[in-house]
Amino acid sequence: MKRIASFEVDHDKIGVGMYISRIDDEIITYDVRMVIPNGGKYLSGASMHTIEHLFATYARNRYESNIIYVGPMGCKTGFYLIQRGLSHTQAIELVKDAFRYIRDFDGEIPGATRKECGNYLYHDLAQAKKDVCELLDVLTNYSEENLSYN
């Protein structure tokens with residue numbers, strides 16, 4: 001089988017940051033990398049689940065028709081953001097705003113009831129708040145030029 005594009009990226013050269021993973025016509029997939037791949041530190045499943053609920057809720061509420069998908073990477077190092085119709089600068093700002101929302105969030109996690117979620121008890125808001133901070137620091141002065149893996 002043909003190898004997929006994301007397996008062609010040298011993960012030993014990826015740092016914490018946001019990158020363009022692929023562009024398919026008007027659909028852009030971003031790699032929102034929260035920890036260094038193969039660095040020995042990974043996101044916990046419960047934290048990722050909480051970030052997913054809050055990140056997706058924020059992104060879809062802000063840009064409902066533009067957001068195709070927000071979801072975790074199986075390697076537990078970050079998330080994918082798939083969108084159409086936003087500029088790269090808007091996408092960076094969206095991630096920064098969403099992660100500030102997560103960092104400052106208090107209350108009931110959206111979609112985290114038994115009726116709404118298949119693993120509703122598997123959340124860790126306190127850890128999720130900590131986990132978003134490193135990427136927020138990196139994205140402080142981020143621009144379109146930083147979106148390349150190179």
- Query: Has the range 65-76 got any residue that is within 25 Å of T113 (Cβ to Cβ) and either of a type in the set (F, W, Y) or in contact with an Asp or Glu (Cβ under 6 Å, 6 or more places away or on another chain) (or both)?
  - Reply: yes
- Subset of the range 112-129 [part of a helix (DSSP H, G or I) and without any contact (Cβ under 8 Å) to a residue 40 or more places away in the chain]: A126, K129
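Of the residues A112, A126, A91, which is in contact with a strand residue (DSSP E or B) (Cβ under 8 Å, 6 or more places away or on another chain) and not β-branched (V, I, T)?
Values: A112 fails: in contact with a strand residue (DSSP E or B) (Cβ under 8 Å, 6 or more places away or on another chain); A126 fails: in contact with a strand residue (DSSP E or B) (Cβ under 8 Å, 6 or more places away or on another chain).
Going through A112, A126, A91 in turn, the sole match is A91.
A quick yes/no check of all residues on (1) touching a Gly at 6+ places or on another chain (Cβ under 7 Å); (2) of a type in the set (S, T, Y); (3) under 24 Å from C117 (Cβ atoms); (4) in a strand (DSSP E or B):
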{"site": "M1", "(1), (2), (3), (4)": "no, no, no, no"}
{"site": "D12", "(1), (2), (3), (4)": "no, no, no, no"}
{"site": "G15", "(1), (2), (3), (4)": "no, no, no, no"}
{"site": "R22", "(1), (2), (3), (4)": "no, no, no, yes"}
{"site": "V32", "(1), (2), (3), (4)": "yes, no, yes, yes"}
{"site": "I36", "(1), (2), (3), (4)": "yes, no, no, no"}
{"site": "G40", "(1), (2), (3), (4)": "no, no, no, no"}
{"site": "A46", "(1), (2), (3), (4)": "no, no, yes, no"}
{"site": "L54", "(1), (2), (3), (4)": "no, no, yes, no"}
- Query: Out of all the residues in the range 90-111, which are aromatic (F, W, Y) and either part of a helix (DSSP H, G or I) or loosely packed, with under 14 Cβ neighbours inside 10 Å (or both)?
  - Reply: F99, Y101
- Would it be correct to say that R60 is in a loop (DSSP other than H, G, I, E, B) and not β-branched (V, I, T)? no
- So is N38 polar (S, T, N, Q) and in contact with a helix residue (DSSP H, G or I) (Cβ under 8 Å, 6 or more places away or on another chain) or not? yes
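Okay, residues lined up against (1) hydrophobic (A, V, I, L, M, F, W, C); (2) surrounded by 13 or more Cβ atoms within 10 Å (Cβ to Cβ); (3) closer than 24 Å to L125 by Cα; (4) under 11 Å from the mean Cα position of the chain (by Cα):
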site: R3; (1), (2), (3), (4): no, no, no, no
site: F7; (1), (2), (3), (4): yes, no, no, no
site: G17; (1), (2), (3), (4): no, yes, yes, yes
site: E52; (1), (2), (3), (4): no, yes, yes, yes
site: A56; (1), (2), (3), (4): yes, yes, yes, yes
site: R62; (1), (2), (3), (4): no, yes, yes, no
site: V70; (1), (2), (3), (4): yes, yes, yes, yes
site: F79; (1), (2), (3), (4): yes, yes, yes, yes
site: I82; (1), (2), (3), (4): yes, yes, yes, yes
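No lab work stands behind these numbers, since they all come straight from the coordinates. Computed from a predicted model, the values in this text were never measured in an experiment. Cβ sites come from the backbone with ideal geometry, for glycine too, and all protein chains shown count toward neighbours.
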